[in-house]
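Undergrad: What follows is a single structure, and I will ask about it in a moment.
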Amino acid sequence: MSCQRRILLTGASGVLGRNFLEGVGKNADFNILALLRPESRILNPYPSVKEIRIDFSNTRAINELVSRFRPEVVVHCAASGMELPRTHSCNLIRFNVDFTIDLCESAAKAGTDHFIFIGTGLAYRPLRRSLQEDDAMDTMHPYGASKAAADLLVRSAAVEFNLPLTVLRPFSFTGLGDDRCRLFPSLLRAARSGEEFKLTSGFQIRDHISARDIAQGIFCALERPPNRTNPAIYNLGSGSKLSIKILVEKIVEELGLKVCLHFGAKSVAPFEPEELVADSSRAQRDLKWRPTHRLAHAVWQLARESFPQLDLQEPKENIE
């Protein structure tokens, strides 16, 4: 009789799912079922992972699949709305909210012991200080608002369904698999093409962290016995308060990246917060988690895998 832990993972083809599988996909103690949309990219092969492609809007099929697999843990990383072109708000609600609640209910019916929901720091009301888990969720950011709604409703549903829940709220991150349209892949793409990299003023304060560290936070939450009476909530971030301008300039210098930066060439979206920084002291205390991977090295790893034409200096890997 197998004693492997059965884990159902959504979002395996995304940045966090990819980095989570880098850490656990070869672990024989786990039996991981990765749910993918039909159009999702092909996963790297991992011996402990089986993938199934399914229409996430087919509630009945999802419910039957979860019932058959009977996962001990569900790690729900999948989300919609951070890629360009931006997804329509109605689609954000259908996936980020409706699918999350449906999956939560399916997991409860299947006897799941722990549901881990990956939220976002963008859900918080913008404040000029580091954000804590008890701060209000109140944002005009379309993606952040949909995830805030899902965050609130999944906590309510988990209590109703008697399903132990952990909510993780990562802040800005990058690393392996982040090869599409966000800040650092866009920077690397501009360097590869020899084009000017157009940015906003860069005065916004952001808390950037390696996706590998966020994935480790997910693993720490998975290993910790869940709170069976109240959902546990944890921010995952570096706590760093650098402007985007200073951060990008530091990364460019450390990697020896040859690119022309044009700050002020783009306007800031009206819903973007001026400051978004995590207070992760609760996660450090309860989950025994803390960032260990330097952001510059995460960007270097991304470049080596997805932009191999770039000749870059390898920075130090670990935070001292």
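Undergrad: Pick from segment 193-216 the residues that are touching a Ser or Thr at 6+ places or on another chain (Cβ under 8 Å) and either of a type in the set (Gly, Ala, Ser) or modelled with pLDDT under 95 (or both): which of them is surrounded by the fewest Cβ atoms within 10 Å (Cβ to Cβ)?
TA: Going through the qualifying residues, I end up with GLY202.
Undergrad: If ALA78 meets every condition in (1) among the small types (Gly, Ala, Ser); (2) closer than 22 Å to PRO273 by Cβ; (3) at pLDDT 90 or above; (4) in contact with a Leu (Cβ under 9 Å, 6 or more places away or on another chain) apart from one, which number is that one?
TA: (2)
Undergrad: Oh, and also: With respect to ASP179, determine if the residue is surrounded by fewer than 23 Cβ atoms within 10 Å (Cβ to Cβ), in contact with a helix residue (DSSP H, G or I) (Cβ under 8 Å, 6 or more places away or on another chain) and in contact (Cβ under 8 Å) with a residue 60 or more places away in the chain.
TA: When the stated conditions are applied, ASP179 passes them.
Matching residues to (1) over 14 Å from PHE117 (Cα atoms); (2) touching a residue at least 40 places away in the same chain (Cβ under 8 Å):
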{"site": "PHE203", "(1), (2)": "yes, yes"}
{"site": "ASP207", "(1), (2)": "yes, yes"}
{"site": "ILE214", "(1), (2)": "no, yes"}
{"site": "ALA232", "(1), (2)": "no, yes"}
{"site": "GLY237", "(1), (2)": "yes, yes"}
{"site": "SER240", "(1), (2)": "yes, no"}
{"site": "ILE244", "(1), (2)": "yes, yes"}
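Undergrad: Another one. Count, please, the residues in segment 13-28 that happen to be touching a Ser or Thr at 6+ places or on another chain (Cβ under 8 Å) and of a type outside the set (Ser, Thr, Tyr).
TA: 7
Undergrad: Condition check: surrounded by fewer than 24 Cβ atoms within 10 Å (Cβ to Cβ) and either under 28 Å from GLU249 (Cα atoms) or in contact (Cβ under 8 Å) with a residue 60 or more places away in the chain (or both). Does PHE161 satisfy that?
TA: No: the conditions fail for PHE161.
Undergrad: Go through the residues of segment 240-254 one by one and say whether even a single one is under 14 Å from LEU188 (Cβ atoms) and not β-branched (Val, Ile, Thr).
TA: yes
Undergrad: Is it fair to say ASP151 is of a type in the set (Asp, Glu), part of a helix (DSSP H, G or I) and in contact with a helix residue (DSSP H, G or I) (Cβ under 9 Å, 6 or more places away or on another chain)?
TA: Judged against the criteria, ASP151 is a match.
Undergrad: Sticking with this structure for a sec: Could you pull out the residue among PHE184, PHE171 that is among the aromatic types (Phe, Trp, Tyr), surrounded by 23 or more Cβ atoms within 10 Å (Cβ to Cβ) and in contact with a strand residue (DSSP E or B) (Cβ under 6 Å, 6 or more places away or on another chain)?
TA: Step by step, each of PHE184, PHE171 is checked, and only PHE171 is among the aromatic types (Phe, Trp, Tyr), surrounded by 23 or more Cβ atoms within 10 Å (Cβ to Cβ) and in contact with a strand residue (DSSP E or B) (Cβ under 6 Å, 6 or more places away or on another chain).
Undergrad: Taking interchain pairs and intrachain pairs at least six residues apart, which have beta carbon atoms under 8 angstrom, with the first residue in segment 27-43 and under 16 Å from PHE56 (Cβ atoms) and in contact (Cβ under 8 Å) with a residue 60 or more places away in the chain and the second among the hydroxyl-bearing types (Ser, Thr, Tyr) and surrounded by fewer than 19 Cβ atoms within 10 Å (Cβ to Cβ)?
TA: Qualifying pairs under 8 Å: none.
Undergrad: Mind listing whichever residues of segment 45-64 are of a type outside the set (Val, Ile, Thr) and over 24 Å from GLU223 (Cα atoms)?
TA: If the condition is that a residue be of a type outside the set (Val, Ile, Thr) and over 24 Å from GLU223 (Cα atoms), then ARG53, ASP55, PHE56, SER57, ASN58, ARG60, ALA61, ASN63, GLU64 are the ones that fit.
Undergrad: Just checking, how many residues over segment 110-144 are over 16 Å from the mean Cα position of the chain (by Cα) and part of a helix (DSSP H, G or I)?
TA: 1
Undergrad: List the pairs whose first member sits in segment 292-303 and is over 21 Å from CYS220 (Cβ atoms) and modelled with pLDDT of 95 or more, whose second member is surrounded by fewer than 22 Cβ atoms within 10 Å (Cβ to Cβ) and among the acidic types (Asp, Glu), and whose Cβ atoms are under 8 Å apart, counting only residues at least 6 apart or on separate chains?
TA: Matching pairs, first to second residue: ALA296/GLU254; TRP300/GLU314; LEU302/ASP179.
Undergrad: May I pose another question? List the helices (runs of 4 or more DSSP H) that sit entirely inside segment 1-109 and contain at least 1 residues that are of a type in the set (Ser, Thr, Tyr) and buried (at least 20 other Cβ atoms within 10 Å of the Cβ).
TA: 100-109
Undergrad: Residues in segment 195-203: is at least one hydrophobic (A, V, I, L, M, F, W, C), part of a helix (DSSP H, G or I) and in contact with a Gly (Cβ under 9 Å, 6 or more places away or on another chain)?
TA: Among the residues of segment 195-203, not one is hydrophobic (A, V, I, L, M, F, W, C), part of a helix (DSSP H, G or I) and in contact with a Gly (Cβ under 9 Å, 6 or more places away or on another chain), which makes the answer no.
The values are calculated or read from the model by the stated rules, or taken from the named source; none is laboratory data. The shown structure was predicted, so the numbers you read here are calculated from the model rather than taken from an experiment. For neighbour counting, all protein chains shown are included, and Cβ atoms are generated from backbone atoms with ideal geometry for every residue, glycine included.
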